[in-house]
Amino acid sequence: MGLIVFRLDVTLRFLATGETYRSLMYSTRIHESTISKIVPETCLALCRCLKDVYLKNPTTDDWLKVAADFQSKWNFPNCLGALDGRHIAFSPPTSAGSYYHNYKGTDSMVLLALVDANYKFIYVNIGVNGRISDGGVFSACGLYKRMQNKTLNLPPDRALPGRTNKVPYVFIADEAFPLSNHLMKPFPQRSLTYDNRIYNYRLSRARRMVECGFGILANRWRVLLQKIHLGPEKVELITLTCVLLHNFLVKENAMYTTEGTYDIDPSQLLPQISQQIGNRSGNSARSIREEFRDYFNSTSGSVPWQDTGLQRNIS
């Protein structure tokens with residue numbers, strides 16, 4: 001038992017501090033070659049123990065709970081999670097050439113994640129090379145395929161509060177993703193009407209959960225803040241372990257997400273970013289987005305502070 005605890009302590013120290021194996025060698029008095037075996041083995045054991053509990057496929061009731069949290073906390077009904085991608089920097093093998101080279105000029109793989117209203121990761125896809133856009137990663141991931149095959153256990157369509165037209169439950173994302181019946185993104189920045197700006201602001205406010213989730217994840221598990229000098233398979237394993245430990249602590253330790261300042265709206269700090277790519281969408285998806293827009297601008301869906309918040313972002 002003592003050996004297991006010791007191995008776990010070394011692994012958690014590596015994940016939480018981001019120290020190199022050589023640095024840990026001096027503080028633990030274990031040779032770096034031994035640490036290089038301990039960390040992957042312990043990460044694999046943690047993934048096997050935690051994955052089926054803290055990153056399981058949601059049931060319909062689970063989705064309904066996520067939607068209720070988004071509506072009560074972030075005033076966005078029928079929302080099943082915020083979707084985005086984050087680059088995990090690492091040192092690929094020389095044989096990989098420029099395969100992992102991204103638009104930022106570094107080597108990385110993409111962590112695509114769906115996050116709920118409490119910073120918990122619902123779904124992750126890890127390992128696609130950093131050359132691929134977030135939208136491209138999404139179109140090839142299991143979440144998109146299950147969405148297309150209608151095997152996600154999504155709740156049946158429901159009208160927004162105070163409205164009569166039924167709309168699907170949706171995921172929310174930024175401009176990099178394609179608009180579809182189950183995926184809402186902002187209106188293009190060109191020629192925005194005031195109502196469209198209100199919709200974009202309300203969507204941005206709810207979508208920040210995935211940005212904050214990434215921020216908490218990386219600041220708690222600081223190995224993700226710097227380049228990881230390991231191969232792709234081990235980087236995938238380490239990233240998944242950090243996600244699972246994050247979900248474990250979100251559920252079991254309330255202080256994990258309340259310490260520090262994580263409730264800052266990025267839309268208040270950053271200028272609006274213009275659309276980077278064009279994604280064609282069907283009339284049905286556009287109609288659903290317009291229904292959300294009309295709801296946010298209606299008596300039943302508007303909130304007292306949205307006009308002030310919008311004016312603050314414009315100024």
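The values are calculated or read from the model by the stated rules, or taken from the named source; none is laboratory data. Predicted model, so just to flag it, every value in this text is computed and none were measured. Because the Cβ atoms are built from the backbone with ideal geometry, glycine has one as well, and the counts that use them run over all protein chains shown.
Candidates are the residues of the stretch 286-309 that are assigned to a helix (DSSP H, G or I), more than 17 Å from CYS79 (Cβ to Cβ) and modelled with pLDDT of 90 or more; the one that is farthest from the chain's Cα centre (by Cα) is SER287.
Checking every residue in the stretch 103-126 against the condition of being among the polar types (S, T, N, Q), out of contact with any Asp or Glu (no Cβ under 9 Å at 6 or more places or on another chain), over 25 Å from VAL235 (Cβ atoms) and not in a loop (DSSP other than H, G, I, E, B) gives zero matches.
Scanning the stretch 1-27 for residues that are surrounded by 13 or more Cβ atoms within 10 Å (Cβ to Cβ), within 20 Å of PHE90 (Cα to Cα) and of a type in the set (Lys, Arg) turns up just one, ARG13.
Candidates are the residues of the stretch 1-27 that are over 30 Å from the mean Cα position of the chain (by Cα) and of a type in the set (Phe, Trp, Tyr); the one that is farthest from LEU217 (Cα to Cα) is TYR26. Considering the stretch 114-153, and only residues there that are β-branched (Val, Ile, Thr) and more than 14 Å from the chain's Cα centre (by Cα), the residue that is farthest from LYS251 (Cα to Cα) turns out to be ILE132.
Across the stretch 149-169, the number of residues qualifying as buried (at least 20 other Cβ atoms within 10 Å of the Cβ) and in contact with a Gly (Cβ under 8 Å, 6 or more places away or on another chain) comes to 1.
One line per residue, one yes/no per condition, for (1) in contact (Cβ under 8 Å) with a residue 60 or more places away in the chain; (2) surrounded by fewer than 22 Cβ atoms within 10 Å (Cβ to Cβ); (3) of a type outside the set (Phe, Trp, Tyr):
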{"residue": "PHE171", "(1), (2), (3)": "yes, no, no"}
{"residue": "PRO178", "(1), (2), (3)": "yes, yes, yes"}
{"residue": "GLN189", "(1), (2), (3)": "yes, yes, yes"}
{"residue": "MET209", "(1), (2), (3)": "yes, no, yes"}
{"residue": "GLY215", "(1), (2), (3)": "no, yes, yes"}
{"residue": "TRP221", "(1), (2), (3)": "yes, no, no"}
{"residue": "LEU225", "(1), (2), (3)": "yes, yes, yes"}
{"residue": "ILE228", "(1), (2), (3)": "yes, yes, yes"}
{"residue": "HIS246", "(1), (2), (3)": "yes, no, yes"}
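When the stretch 28-68 is limited to residues that are buried (at least 17 other Cβ atoms within 10 Å of the Cβ) and under 17 Å from the mean Cα position of the chain (by Cα), the one that is nearest to THR151 (Cα to Cα) turns out to be PRO58. Scanning the stretch 229-274 for residues that are hydrophobic (A, V, I, L, M, F, W, C) and assigned to a loop (DSSP other than H, G, I, E, B), we see that the one that is modelled with the highest pLDDT is LEU230.
Applying the criterion of being polar (S, T, N, Q) and over 30 Å from HIS229 (Cα atoms) to the residues of the stretch 108-148, the residue that is surrounded by the most Cβ atoms within 10 Å (Cβ to Cβ) is ASN118. Filtering the stretch 159-176 to residues that are touching a Cys at 6+ places or on another chain (Cβ under 8 Å) and not in a loop (DSSP other than H, G, I, E, B) leaves VAL170, PHE171, ILE172.
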